[in-house]
Amino acid sequence: MQERRILGIDVGASGIKGGVIDIDAGELINERIRLETPDPATPEAMAETFAELVRLHNWKGLIGCGFPSIIKNGVAYSAANISEEWIGRNVVETFSMACGCPVEVLNDADAAGLAEMQFGFGKGEMGTVLLITIGSGLGSALFIDGKLVPNTEFGHIYLRNQKKVAEQYASSNARKREDLSWEEWGIRFNEYLENIERVLNPDLILLGGGTSKRFDKYDSYLAIRTPVRPAQLLNAAGAIGAAVYAFQQSRK
Ligand code: BGC
């Protein structure tokens, strides 16, 4: 029988987190370990931290990895919050050579979205569902009738009145950097959602990432037509989705 436990690793701009995932239950089955993302987040330094996490889990087998970049055929096509040296690098090769295990890679927000659609509040949701992850950057995962449209970057749309991309204005990093109150940030985030709604008209928006846990702090400032809800799966969503993705790829 095919292995139904896979190491899921969520590589982020501030932390590299992972745990062994039971892909049927969509749950972590051991303790999730978090290591700091090296600064600068170059391919060599990140590969070393990635391999260290694999060693700490004493893992030898398939690994699913969410990575904060546009990913096509294993190659990174953008680097908003990591070193630009990643652009054009094959993430699959870089990580699998460093840890000696086969690795499947997809965008980190897409990974979190896959988990939320399979095991969280997105389950059974038809129509256009957008998951936005709020963290160092703003990530997005778009689903049409449950099917992922990979590599959307709705965190990089230009805001009409701001002359900057959305994640520089309304991410969790922007809130911390500018020391914004929840009200100030909530108003900004609502402005961002208005821009999304104007062009996409989704049926549901789910919010993931660390800031989704604080939904009650800014919920009252969100005033768009589209229903907006915090995601159900919190910290482990990226690792769970990455593991599920790796399993699906291994069966192709
Ligand atoms: C990146 C996305 C990523 C998001 C969350 C953005 O800066 O462009 O690819 O999904 O951050 O990590």
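The values are calculated or read from the model by the stated rules, or taken from the named source; none is laboratory data. A quick note: this is a predicted structure, and the numbers were derived from the prediction, not measured. No Cβ is skipped: glycine too gets one built from the backbone with ideal geometry, and neighbour counts run over all protein chains shown.
Quick notes
- Checking the stated criteria, G124 turns out to be out of contact with any Lys or Arg (no Cβ under 9 Å at 6 or more places or on another chain), over 18 Å from V11 (Cβ atoms) and among the small types (G, A, S).
- Residue tally, condition among the aliphatic types (A, V, I, L, M) and within 17 Å of A41 (Cβ to Cβ), over region 85-108: 4
- Boolean, E191 is touching a Leu at 6+ places or on another chain (Cβ under 7 Å) and over 24 Å from L114 (Cα atoms): yes
- Considering region 146-204, the qualifying helices (runs of 4 or more DSSP H), each wholly inside and each with 2 or more residues that are closer than 15 Å to R214 by Cβ and out of contact with any Lys or Arg (no Cβ under 6 Å at 6 or more places or on another chain), run over 172-177, 182-200.
- Residue in region 108-115 that is in contact with a strand residue (DSSP E or B) (Cβ under 6 Å, 6 or more places away or on another chain) and more than 23 Å from A170 (Cα to Cα) present: no
Table: residues versus (1) in contact (Cβ under 8 Å) with a residue 24 or more places away in the chain; (2) of a type in the set (S, T, Y); (3) out of contact with any strand residue (DSSP E or B) (no Cβ under 7 Å at 6 or more places or on another chain); (4) not assigned by TED's automatic domain parsing to the domain that holds G241.
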{"residue": "T128", "(1), (2), (3), (4)": "yes, yes, no, yes"}
{"residue": "S136", "(1), (2), (3), (4)": "yes, yes, yes, yes"}
{"residue": "G139", "(1), (2), (3), (4)": "yes, no, no, yes"}
{"residue": "N151", "(1), (2), (3), (4)": "yes, no, no, yes"}
{"residue": "R160", "(1), (2), (3), (4)": "yes, no, yes, yes"}
{"residue": "A174", "(1), (2), (3), (4)": "no, no, yes, yes"}
{"residue": "D179", "(1), (2), (3), (4)": "no, no, yes, yes"}
{"residue": "Y192", "(1), (2), (3), (4)": "yes, yes, yes, yes"}
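- The selection criterion, being under 22 Å from V244 (Cβ atoms) and surrounded by 17 or more Cβ atoms within 10 Å (Cβ to Cβ), does not hold for G127.
- The set of residues in region 136-147 being within 13 Å of the ligand (Cβ to nearest atom) and within 15 Å of E116 (Cβ to Cβ) consists of G139, S140, A141, L142.
- Odd one out for N201 among (1) surrounded by fewer than 17 Cβ atoms within 10 Å (Cβ to Cβ); (2) touching a Phe, Trp or Tyr at 6+ places or on another chain (Cβ under 9 Å): (2)
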